[in-house]
Amino acid sequence: WTLTDNTILNLKNKIEKAGKPLKEWDVEIYRGIVTGCNEAFIIDTPTKEKICKADPKSEEIIKPVLRGRDIHKYYYEWAGLWIIATFPALHLDIDLYPAVKNYLSSFGKKIEQSGEKGCRKKTNNKWFETQDNIAYYNAFKENKIIWPDIALKANFSYDEKQYYNEATSFIMTGEHLLYLLSILNSKLFDFYFNMISPTLSNRANRLKKVYLEQFPVPEYQNSETSMGLEKLVGELLSLMNNRSISDKKNASSEITDYLNRIDSLVYKLYGLNEDDIKLIDKALEQ
């Protein structure tokens, strides 16, 4: 199917009329942390423990981190990785963290921000700082929706454990996050987003801010549908937390039941009929 198909165009218009673009919502979307040299700034647990043993104060600026590949629909898998959070916006004195300073200095010119060959790109930041300013660092401490920058289908999850995110993922903070999460993880989202996002050779989508902000979402209301979606998502997240990775990956029958119930309420929220739903199912099968 293509956008020249009137039935597809009519359904697209119907979805758009049911909501307002996400950019008009009271939410903030941020890209994950660009370090310029993940080899230096993202470390495994043994390295983190070694640094913190040498100087316990290092704990202050070493945070658990999630990558895009760690994030899935309604759950994530932490890979035991940490980020050295020397953000320029923090204006840190690296001499107060001698073990971190010694570790980072072992990378030599590779982490200098001079733009010279073999170095990171030229910035005004100090050698031990991340490449980007990360003025929004407090957002990582909030409850947030998280997702990978590239995915075959919607892979949005919810984080309330204050993980930090690196550059292959995004975060969203703001109001009614569980309500938004239910819609972003729906079949309706996949159907609509396929029409507005560039598709890669493997048919994956770029889930970048500029495209996501175009997605229309019906306003939250204290209605049976809006509140029902929040309730279902809350229950599903609780269920996910108590299931094995295998159950999550293979979507056990109980998980699948929740996903179907959420999809049904999302369709109702947008005022879709049976023909609309069949069209979405057919499009997603191709």
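The values are calculated or read from the model by the stated rules, or taken from the named source; none is laboratory data. The structure displayed is predicted, hence computed values, not measured ones. Here Cβ is always computed from backbone atoms with ideal geometry, including for glycine, and neighbour counts include all displayed protein chains. Accessible surface areas use protein heavy atoms only, side chains included; no ligands, DNA or RNA. Shrake-Rupley method; radii C 1.70, N 1.55, O 1.52, S 1.80 Å.
Report the residue, chosen from 101, 117, 109, that carries the largest GNM mean-square fluctuation when the chain is represented by alpha-carbon nodes joined by springs under 10 Å.
Among 101, 117, 109, the largest GNM mean-square fluctuation belongs to 117.
Compute a Gaussian network model of the chain, connecting alpha carbons closer than 10 Å, and tell me which residue from 33, 150, 61 fluctuates the most.
With Cα springs under 10 Å in the chain, the top fluctuation among 33, 150, 61 is at 61.
Kirkwood-based Rg over Rh for segment 152-286 (C-alpha set), two decimals?
Rg divided by Rh gives 0.94.
How large is the helix-only mean residue ellipticity at 222 nm for the chain, computed as the sum of -39500 (n - 2.57) over DSSP H runs with n ≥ 4, divided by its residue count, in deg cm²/dmol to the nearest 500?
Computed mean residue ellipticity for the chain: -11500 deg cm²/dmol.
Full-extension gain between residue 105 and residue 135, please, as 0.36 nm times their residue separation minus the C-alpha to C-alpha distance.
Residue separation times 0.36 nm, minus the Cα-Cα distance, leaves 8.4 nm.
Dividing the alpha-carbon radius of gyration of the chain by 2.2 N^0.38 Å (N being the number of residues), what value is obtained?
My calculation over the Cα atoms of the chain gives 1.12.
Of 195, 259, 179, which is farthest towards the positive pole of segment 179-261's charge dipole, taken about the Cα centre with +1 and -1 on the beta-carbons of Lys, Arg and Asp, Glu respectively?
195
What is the sum of charges, Lys and Arg at +1 and Asp and Glu at -1, for the other residues whose Cβ falls under 11 Å from the Cβ of residue 33?
Residues near residue 33 contribute +1 overall.
Between residue 90 and residue 273, how high is the FRET efficiency from 1/(1 + (r/R0)^6) when r is the Cβ-Cβ distance and R₀ = 45 Å? Nearest 0.05.
It comes out at approximately 0.30.
Hey, which of these cross-link pairs are over 18 Å Cα-Cα: 63/117; 121/144; 17/268?
Too far apart for the 18 Å limit: 63/117; 121/144.
How much accessible area per residue does the chain have, counting only protein heavy atoms and a probe of 1.4 Å, in square angstrom?
Ligands and nucleic acids excluded, the result is 49 Å² per residue.
All other residues with a Cβ under 10 Å from the Cβ of residue 98 taken together, and with Lys, Arg as +1 and Asp, Glu as -1, what is their net charge?
Residues near residue 98 contribute 0 overall.
For the chain, modelled as a Gaussian network with Cα springs under 10 Å, which listed residue fluctuates most, 103, 137, 211?
103
How far apart, in nanometres, would the label points at residue 200 and residue 54 be if each is projected 7 angstrom from Cα along the Cα-to-Cβ direction?
3.5
Compute the length gained on full extension between residue 124 and residue 153: take 0.36 nm times their separation in residues and subtract their Cα-Cα distance, giving the result in nm to one decimal.
Answer, rounded to one decimal: 6.6 nm.
If you take every residue apart from residue 216 with its C-beta less than 15 Å away from the C-beta of residue 216, what net charge results, scoring Lys and Arg +1 and Asp and Glu -1?
-1
Name the GluC sites (Glu not before Pro) in segment 115-217 that are in a loop by DSSP and that have at most 16 other C-beta atoms within 10 Å, would you?
Answer in residue order: 116, 142, 160, 175, 213.
Using label points projected 7 Å from each Cα along Cα→Cβ, tell me how many nm separate residue 257 and residue 213, to one decimal.
Going by the 7 Å Cα→Cβ label model, 4.1 nm.
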